[in-house]
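**Student:** Structure in structure tokens, see below.
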Amino acid sequence: MADTQEKVTHAIAIDLQNPDGGMHFIADTGDGVAVHIDSDEAVGGQGLGARPQKLLLVSLASCSGMDVISILRKKRQTVTGLRVEARGEKADNHPKVYTHIWLDFHVTGSEVDPKAVERAIELSMTRYCPVAGMLHEVVDIDTNYTITEG
């Protein structure tokens, strides 16, 4: 048991907010951040939080977005904005997992080198983003990018 405890690097807890009905949970991330999670209203949700499966897309987009902006800054690219859009296609049958994910990186900046953007995305998806590392094992992830002067 001691070996297992030593290997754990992240631990969270979720608490049901309405034990008499509803699906609203608040997650304690262990670092002072609370995340509200809820289900679709058709199955008891109250619209009080994000859906768990969508949070997977949020995790992937934010993880890779942080990598990409960090790499572009190290490459001395003048980036004034970055938006990452994630879309997931779900299977028809339960558990309705994502069967394909697309990430679109929208970079805004001054004279941003397309090769730097391509390389930053590649490094994020293949080396640095642990969320992508896990998901690549079970789902295809395609990336695309646009660069806008500004």
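Coordinate-derived values only; no laboratory data. Note that the coordinates shown come from a computational prediction; the quantities given were computed from them, not determined experimentally. Cβ sites come from the backbone with ideal geometry, for glycine too, and all protein chains shown count toward neighbours.
**Student:** For the stretch 13-80, compute Rg over Rh where Rg is the Cα radius of gyration and Rh is the Kirkwood radius from the inverse mean 1/r over Cα pairs.
**Tutor:** Numbers: Rg = 16.6 Å, Rh = 14.0 Å.
Rounded to two decimals, Rg/Rh equals 1.18.
**Student:** Quick one: Karplus J couplings for the stretch 114-127, per residue in order, coefficients 6.51, -1.76, 1.60, θ = phi - 60°, nearest Hz, x for Gly and Pro?
**Tutor:** x, 5, 5, 5, 4, 5, 4, 5, 4, 5, 4, 6, 10, 10
**Student:** While we're looking at this one, here's another question. So how long is each side of the stretch 2-43 along the principal axes, counting just the alpha-carbon atoms, biggest first, in Å?
**Tutor:** 42, 20, 16
**Student:** By the scheme Lys and Arg +1, Asp and Glu -1, what is the net charge of all other residues having a beta-carbon under 13 Å from that of residue 120?
**Tutor:** Local net charge: +3.
**Student:** Where Rh is the Kirkwood radius over the Cα pairs of the chain, the temperature 20 °C and the viscosity 1.002 mPa s, what D in µm²/s does Stokes-Einstein return? Write down the numbers at each step before the final one.
**Tutor:** Working: Rh = 17.5 Å.
Rounded, D is 122 µm²/s.
**Student:** State, as an integer percentage, the relative contact order of the chain based on alpha-carbon contacts under 8 Å between residues 6 or more apart. List each step's numbers first, then the result.
**Tutor:** Details: 250 pairs, mean separation 25.8, N = 150.
RCO, the chain: 17 percent.
**Student:** Let me ask another. Charges only on Cβ, +1 for Lys and Arg, -1 for Asp and Glu: so what's the dipole of the stretch 1-148 about the Cα centre, in debye to the nearest 20? Walk me through the numbers before you get to the answer.
**Tutor:** Details: 14 positive and 21 negative charges, 134 e Å.
Dipole about the Cα centre, nearest 20: 640 debye.
**Student:** Same structure, new question: Return the sequence-ordered ³J(HN,Hα) values of the stretch 11-26 in whole Hz as given by the Karplus equation 6.51 cos²θ - 1.76 cosθ + 1.60 applied to θ = phi - 60°, using x for Gly and Pro.
**Tutor:** Each residue of the stretch 11-26 in turn: 9, 10, 9, 10, 10, 5, 8, 9, x, 7, x, x, 10, 7, 10, 10 Hz.
**Student:** Which one of 147, 95, 128 is farthest out on the positive end of the charge dipole of the chain, using unit charges on Cβ (Lys, Arg +1; Asp, Glu -1) and the Cα centre as origin?
**Tutor:** So the residue we want is 147.
**Student:** While we're here: Please list 3J(HN,Hα) in residue order for the stretch 67-78, calculated via the Karplus relation 6.51 cos²θ - 1.76 cosθ + 1.60 where θ = phi - 60°; whole Hz, with x for glycine and proline.
**Tutor:** With coefficients 6.51, -1.76 and 1.60, one gets 4, 4, 5, 5, 5, 5, 5, 5, 7, 6, 7, 8 Hz.
**Student:** Which lysines does residue 75 reach when only Cα atoms under 26 Å apart count, and residues fewer than 8 places away in its own chain are ignored?
**Tutor:** 115
**Student:** Quick one: which of 15-27, 105-117, 57-69 comes out on top by average Cβ neighbours within 10 Å, and what's the full order, highest first?
**Tutor:** Details: 15-27: 13.7, 105-117: 16.3, 57-69: 19.8.
Going by the mean number of other Cβ atoms within 10 Å, highest first, we get 57-69, 105-117, 15-27.
**Student:** Counting only residues 5 or more places away or on other chains, whose amide H sits under 5 Å from the amide H of residue 143 once H atoms are built in the peptide plane?
**Tutor:** Under 5 Å from the amide H of residue 143 lie the amide H atoms of 103, each far enough along the sequence or on another chain.
**Student:** Further, regarding this structure: Using a cut-off of 15 Å between beta-carbons, work out the net charge of the residues near residue 49 (Lys and Arg +1, Asp and Glu -1, residue 49 not included). All intermediate terms of the calculation are to be shown ahead of the outcome.
**Tutor:** Values: positive: 51, 54; negative: 15, 28, 38, 40, 41.
Taking every other residue near residue 49 into account, the sum is -3.
**Student:** Further question on the same structure: Local charge sum around residue 72 (other residues, Cβ-Cβ under 10 Å, Lys/Arg +1, Asp/Glu -1)? Working shown, then result.
**Tutor:** Values: positive: 73, 74, 75, 76, 119; negative: 67, 113.
Taking every other residue near residue 72 into account, the sum is +3.
**Student:** If you don't mind, there's one more thing I want to ask. At 7 Å along Cα-to-Cβ for each site, give me the label-to-label distance between residue 146 and residue 126 in nm.
**Tutor:** Spacing of the two 7 Å Cα→Cβ label points: 2.6 nm.
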